[in-house]
Amino acid sequence: MKVSQAGPRSRRVLDQSLLVLGATTLAAGLGAMTLAPGTSAASSHREAPLIAGDPRADNTDVYAFTSPDKSDTVTMVANWIPMEEPNGGPNFYAFGDDLRYNIKVDNTGDGVSDVTYTWRFRSSYRDSANQFLYNTGPVTSLNDPDLNFRQVYDLVVTTGGKSRTILSGVPAAPSRTGKASMPNYTALRNQATLGLPGGGKTYAGQAEDPFFADLRVFDLLYGGNLSERGQDTLAGYNVNTIAIQVPKKQLALGGNTSRNPVVGVWSTTEREGVTVSDSRDKGHQREWKQVSRLGNPLVNEVVVPLKYKDAFNTLNPSQDRTVQPVVDKVYDPILPKLIQQVYGVPAPATPRNDLAEIYLTGICKACGPIKADLNAHRLNKDANPKRIVPAEELRLNMAVPPTAQPKRLGVLAGDLAGFPNGRRLADDVIDISLQAVEGAAQTGVLVPALADGDRVDTNEVPFGATFPYVALPHTKNVNRGPNAPERSAEQSSADTSPAGPVGTSAAALGGAGALLLGAGAVRLRRRAKNG
């Protein structure tokens, strides 16, 4: 596959992304400083520097798989607000009223969404004048008068450029504030799981974070000697989940799943803000701007260089091929070189056409060195080959049936229903990705030195057998206090630092936004002057 060198159009895309990113980040930073007392100070999966300071907008993971108990449907799950401490009250964790949460589906391969599901939330209190509690007694239903804070949402589906509201003013499940407050959270989840016109269902609310990994991989790749492995960093934390299950024919090109079984999936977050644009562009008005994006796991974390991570979050997949510095890192990634430096495992030769298959084109015999027809849009018989472009999406071949006994390593273990053919909740994407960047997808042989991966092979709690499949939210605090055996003196010292994390991060966010605005404007002025 050839990818064109960066030209004027790609530079313009990058400049506009910096301007958009700067404007939205500046707004987010100012908002965070204004609302600091009520804003979560939690950490995040931290895939990009700026979005890490805006947790309500921060996509943490996206999943897409054939529903194991209803094989004529696809389930898509997307999560936001990383590292939710279960006892993080009194305001707990809400979807943003100023955000739009999207799950997008490309069935033609042009990198543009053909089916978009959009959730928009509204918050309210029963009594904000005389009460400070999230709930004032045990909550047994979503209409319980003891539930003080509530969120409802509209769900809009957009196809062929036309949007229609399919759910309006329906309730989201609240944060699970504790066993005394919500003794039967399953009942609340069931009430928040709603049927859709034309078939399918959706759920919005809190859930246990299904991502499992030892994030000490970022401490010089597990401590520089593989000593720091085996601890699920995400264990005990919750996230806010949006899940939707729809008939496959609603996603397939032309509604024909037998001729066109491949779809690409990603999630985005959009924030309403002021458009800052080039003086040659007409119109200055409030618009929705994308601030977060997630398709394949770990791409923005370990493939995209730091300089471009935040701009990458603003791009549509159709634009990916125009940003050459990012494309270059797919063909010549950083991680294998680090592994060679730290552990002496030789990095595979470049260009990495196998990784381009996994991340940009989908896997097919005509696409690259991985000799299998699995999940490239080229396999859709009614797709126009001239319109198919390299684009980073989580691709799923819906014709692959669910596996009775799923294997955590997915396709690498011969289980074609797993990642990178879509992504199931139990797929061990850290270990799969480590092996893939070391070339295992094209050689078919696992790299022995990294065969144990991060030694976190499963989630800390089991997933459900029915929709929405994610586990119920945790209620027990993650932080067990200064006397907990696992708590080190270094951690205790850090926790007593006088610096306020929210104020610090918000100020940094605002400053970074201003810098990005300036950078984008300078680049545009220079281009106009030279043009």
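None of the figures in this text is laboratory data; all of them are computed from the coordinates on show. These figures come from a predicted structure and were not determined experimentally. Cβ: placed from backbone, ideal geometry, glycine included. Neighbour counts: every protein chain shown.
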Open item on the list: Ignoring solvent entirely, what values of log10 I(q)/I(0) come out of the Debye formula for the range 84-221 at 0.14 Å⁻¹ when each Cα is a single scatterer?
Closed with: -0.78
Task: Within the range 277-423: Cβ-based charge dipole about Cα centre, in debye rounded to nearest 20 (Lys, Arg +1; Asp, Glu -1) - done: 160
- [ ] Please state the charge dipole magnitude for the range 176-229, taken about the Cα centre, from unit charges on C-beta atoms (+1 on K and R, -1 on D and E), reported in debye and rounded to the nearest 20.
- [x] 320
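Stick to Cα atoms and the Kirkwood definition of Rh, then tell me Rg/Rh for the range 90-145. Could the numbers behind the result be given before it?
Values: Rg = 17.8 Å, Rh = 14.8 Å.
Dividing the radius of gyration by the Kirkwood radius yields 1.21.
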TODO: Would you mind working out the magnitude of the charge dipole of the range 112-215 relative to its Cα centre, with +1 at each Lys and Arg C-beta and -1 at each Asp and Glu C-beta, to the nearest 20 Debye?
DONE: 320
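If we sort 304-313, 433-442 on the protection proxy, mean other Cβ atoms within 10 Å, highest first, what's the order?
Numbers: 304-313: 19.2, 433-442: 22.0.
Listed from highest to lowest mean packing, they are 433-442, 304-313.
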- [ ] Give the residue from 367, 412, 391 lying farthest towards the positive end of the charge dipole for the range 357-422; charges sit on Cβ (+1 for Lys and Arg, -1 for Asp and Glu) and the dipole is referred to the Cα centre.
- [x] 367
Task: Whichever lysines have a C-alpha closer than 22 Å to that of residue 104, once near sequence neighbours (fewer than 8 apart) are set aside - done: 70, 162, 201, 248, 249, 289, 309, 381, 386
Open item on the list: Taking the Cα centroid of the range 169-245 and of the range 108-141, what is the distance between the two, rounded to the nearest whole Å?
Closed with: 15
Task: Neighbour cut-off at most 11 other Cβ (10 Å), DSSP loop, trypsin sites (Lys or Arg not before Pro), the range 339-421 - done: 371
Task: Net lengthening on full extension, residue 194/residue 306 (0.36 nm per residue, minus Cα-Cα) - done: 36.3 nm
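Restricting to DSSP loop positions (anything but H, G, I, E, B) with no more than 15 other Cβ atoms inside 10 Å of their own Cβ, which trypsin sites (Lys or Arg not before Pro) remain in the range 68-139? Show your work: numbers first, answer last.
Working: sites: 70, 100, 104, 120, 122, 126; in loops: 70, 126.
For trypsin sites (Lys or Arg not before Pro) across the range 68-139 that sit outside H, G, I, E and B with at most 15 neighbouring Cβ atoms in 10 Å, the list reads 126.
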TODO: Kindly write out, for the range 74-90 in residue order, the coupling ³J(HN,Hα) from the Karplus curve 6.51 cos²θ - 1.76 cosθ + 1.60 (θ = phi - 60°), rounded to whole Hz, with x marking Gly and Pro.
DONE: 10, 10, 10, 10, 10, 10, 9, 6, x, 6, 6, 5, x, 9, x, x, x
